[in-house]
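Right, one structure below, let's go through it.
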Amino acid sequence: MTAMSRREFVKQASTDLAAAGFLIAAGARLAAAPLGLPIGSQTYPHRMMIRDGNFPGLLKALADLGVGEIELCSALGYAEFANLSDGKQVRKVLSDHGLKCVSAHFSMRELREKQDASIAWAKDIGITQMITATLGGGNTPSIDDVKKAADEYNRIAEVAARAGIQQGLHNEGFELSEVDGKRTYDILFELLDPKLVKFQFQMSTIAYGFVAAEYFTKYPGRFISMHLQDVDLNATPPPPPPDAPARGGGRGRGRGVAAPVGKGSIDWTKTFQAAKTAGIRNYFVEQNMDLTKESVAFLKTLKV
């Protein structure tokens with residue numbers, strides 16, 4: 001071994017300490033959020049800032065909270081997001097704020113009418129997950145309605161797969177309905193191609209009896225992401241306005257009251273542990289800014 005001078009020793013020691021500091025900091029960042037994944041935010045609750053041309057301001061506000069990844073809605077299918085039609089510019093603004101976006105929501109109508117354009121927009125931004133909020137079809141479908149919707153979505157997902165995009169399905173009214181005493185959501189797991197279609201779980205559907213940890217365990221490898229909300233199931237929701245539409249498959253508003261993540265009835269440790277089995281790659285807080293702030297702060301403390 002060649003003798004090392006004092007200057008060389010000091011230089012090497014400084015390099016080693018810097019490297020160690022970087023690794024410690026990186027480890028701290030990984031440990032600062034469940035599963036070592038960036039804390040995400042779905043931008044739909046903040047869509048008015050986007051509509052009003054303040055997309056950079058929204059990104060700064062979210063980044064300042066500790067959000068590392070966002071989920072958009074398509075500029076081609078959601079009116080409030082029309083300002084984001086230049087995907088390459090969106091990508092630049094995201095980069096300027098140290099954020100990334102690999103997932104977005106797309107309406108069924110746009111996927112039926114202009115899927116190629118939607119895929120092109122997604123690719124300009126760097127989106128690799130195209131999610132649909134609901135297959136539609138109403139809140140009281142027949143089994144034929146469900147089969148027809150699944151067949152159509154498999155075809156859409158096949159086109160996306162050829163473009164290198166993973167198609168995904170959220171769960172809203174249609175998916176929360178029942179057919180012949182069986183949940184439409186469970187039937188869709190049987191009908192949708194497990195390679196072509198992954199699922200995104202809406203955590204607030206616990207208000208209708210849909211428990212994420214149970215689904216993650218029952219259907220391993222079938223999920224790709226989550227929308228994070230919490231619900232206090234012991235609280236009584238205020239009565240809806242007289243003209244409010246029914247939600248949850250026509251079964252009313254569901255139990256409980258919305259709460260910041262960590263302050264409701266959901267067992268988040270159990271949820272994230274089951275998420276490993278499910279195949280979760282990302283998760284997005286979907287709440288107003290005040291609740292997002294509290295939710296992100298909680299997620300920073302959650303070790304899973």
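Test ILE70 against the criterion of being closer than 23 Å to LEU302 by Cβ, among the hydrophobic types (A, V, I, L, M, F, W, C) and either modelled with pLDDT of 50 or more or surrounded by fewer than 22 Cβ atoms within 10 Å (Cβ to Cβ) (or both), and give yes or no. Can you show your working first?
Working: closer than 23 Å to LEU302 by Cβ: yes; among the hydrophobic types (A, V, I, L, M, F, W, C): yes; either modelled with pLDDT of 50 or more or surrounded by fewer than 22 Cβ atoms within 10 Å (Cβ to Cβ) (or both): yes.
For ILE70, the condition - closer than 23 Å to LEU302 by Cβ, among the hydrophobic types (A, V, I, L, M, F, W, C) and either modelled with pLDDT of 50 or more or surrounded by fewer than 22 Cβ atoms within 10 Å (Cβ to Cβ) (or both) - is met.
Quick one: SER118 ticks every box in (1) crowded, with 21+ Cβ neighbours inside 10 Å; (2) outside any helix (DSSP H, G or I) except a single one, so which number is it?
(2)
If you go through region 87-113, how many residues are of a type in the set (Gly, Ala, Ser), open to solvent by less than 10 Å² (accessible area, probe 1.4 Å) and outside any helix (DSSP H, G or I)? Give the derivation first.
Taking region 87-113 as the starting set, the residues that turn out to be of a type in the set (Gly, Ala, Ser) are 87, 95, 98, 103-104, 107.
Narrowing further to those that are open to solvent by less than 10 Å² (accessible area, probe 1.4 Å): 87, 103-104.
Narrowing further to those that are outside any helix (DSSP H, G or I): 103-104.
Counting residues in region 87-113 that are of a type in the set (Gly, Ala, Ser), open to solvent by less than 10 Å² (accessible area, probe 1.4 Å) and outside any helix (DSSP H, G or I) gives 2.
Condition first: among the hydroxyl-bearing types (Ser, Thr, Tyr) and under 17 Å from CYS73 (Cβ atoms). Now tell me which residues in region 107-157 satisfy that. First the steps, then the outcome.
Kept after step one, since they are among the hydroxyl-bearing types (Ser, Thr, Tyr), are these residues of region 107-157: 107, 118, 128, 132, 134, 140, 142, 153.
Of everything in region 107-157, those that are among the hydroxyl-bearing types (Ser, Thr, Tyr) and under 17 Å from CYS73 (Cβ atoms) turn out to be SER107, SER118, THR128, THR132, THR134.
Only one of GLY248, GLY254, GLY221 is in contact with a Gly (Cβ under 7 Å, 6 or more places away or on another chain), modelled with pLDDT under 95, closer than 23 Å to ALA149 by Cα and not acidic (Asp, Glu); which? If you could, list the steps in order and put the result at the bottom.
Numbers: GLY254 fails: closer than 23 Å to ALA149 by Cα; GLY221 fails: modelled with pLDDT under 95.
Answer to the check: GLY248.
Residues checked against (1) within 15 Å of ALA149 (Cβ to Cβ); (2) touching a His at 6+ places or on another chain (Cβ under 9 Å); (3) not basic (Lys, Arg):
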position	(1), (2), (3)
LEU169	yes, no, yes
GLY173	yes, no, yes
LEU176	yes, no, yes
ILE187	yes, no, yes
LYS195	no, no, no
MET203	no, yes, yes
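For the structure I just gave you, tell me whether LYS303 is farther than 19 Å from GLN129 by Cβ and at pLDDT below 95.
Details: farther than 19 Å from GLN129 by Cβ: yes; at pLDDT below 95: yes.
Spelling it out, LYS303 is indeed farther than 19 Å from GLN129 by Cβ and at pLDDT below 95.
So which of GLY168, GLY138, GLY173, GLY126 ends up being within 22 Å of the chain's Cα centre (by Cα) and modelled with pLDDT under 95? It would help to see each step written out before you state the result.
Numbers: GLY168 fails: modelled with pLDDT under 95; GLY138 fails: within 22 Å of the chain's Cα centre (by Cα); GLY126 fails: modelled with pLDDT under 95.
Just a single option satisfies the conditions, and that option is GLY173.
Can you name the residue in region 154-174 that is polar (S, T, N, Q) and in a strand (DSSP E or B) and is also surrounded by the fewest Cβ atoms within 10 Å (Cβ to Cβ) among such residues?
GLN166
Restricting attention to region 175-214, report how many residues are in a helix (DSSP H, G or I), open to solvent by less than 50 Å² (accessible area, probe 1.4 Å) and more than 19 Å from MET226 (Cβ to Cβ).
Kept after step one, since they are in a helix (DSSP H, G or I), are these residues of region 175-214: 175-176, 184-191, 203-208, 212-214.
Applying the additional criterion that residues be open to solvent by less than 50 Å² (accessible area, probe 1.4 Å) yields 175-176, 184-189, 203-208, 212-213.
Among the residues that remain, those that are also more than 19 Å from MET226 (Cβ to Cβ) are: 184, 187.
The total comes to 2.
Is it the case that some residue within region 177-187 is touching a residue at least 24 places away in the same chain (Cβ under 8 Å), under 28 Å from THR43 (Cβ atoms) and of a type in the set (A, V, I, L, M, F, W, C)?
Checked against the condition, which is being touching a residue at least 24 places away in the same chain (Cβ under 8 Å), under 28 Å from THR43 (Cβ atoms) and of a type in the set (A, V, I, L, M, F, W, C), region 177-187 yields no hits at all.
Could you please find all residues in region 278-304 being part of a helix (DSSP H, G or I), buried (at least 16 other Cβ atoms within 10 Å of the Cβ), of a type outside the set (Phe, Trp, Tyr) and touching a Gly at 6+ places or on another chain (Cβ under 9 Å)? Talk me through it step by step, then tell me what you get.
First, pick out the residues of region 278-304 that are part of a helix (DSSP H, G or I): 278, 289-301.
So of that shortlist, the ones also buried (at least 16 other Cβ atoms within 10 Å of the Cβ) come out as 278, 291-296, 298-299.
This time we only want the ones that are of a type outside the set (Phe, Trp, Tyr), so: 278, 291-296, 299.
Within region 278-304, ALA278, GLU294, SER295, VAL296, LEU299 meet the criteria.
I'm trying to understand the selection: among the residues of region 129-151, which are out of contact with any helix residue (DSSP H, G or I) (no Cβ under 7 Å at 6 or more places or on another chain), open to solvent by less than 40 Å² (accessible area, probe 1.4 Å) and in contact (Cβ under 8 Å) with a residue 40 or more places away in the chain?
Scanning region 129-151 gives GLN129, ILE131.
Mind checking which pairs have a first residue in region 161-172 that is of a type outside the set (A, V, I, L, M) and a second that is part of a helix (DSSP H, G or I), Cβ under 7 Å, 6 or more apart or different chains?
GLN167/ILE156; GLN167/ALA157; GLN167/ALA160; ASN171/TYR185; ASN171/THR205
The values are calculated or read from the model by the stated rules, or taken from the named source; none is laboratory data. Remember, predicted model here, so these are calculated numbers, not experimental data. Using ideal geometry, Cβ is built from the backbone for each residue, glycine included, and neighbour counts are taken over all protein chains shown. Just the protein is used for accessible areas: all its heavy atoms, side chains included, with ligands, DNA and RNA removed. Shrake-Rupley method; radii C 1.70, N 1.55, O 1.52, S 1.80 Å.
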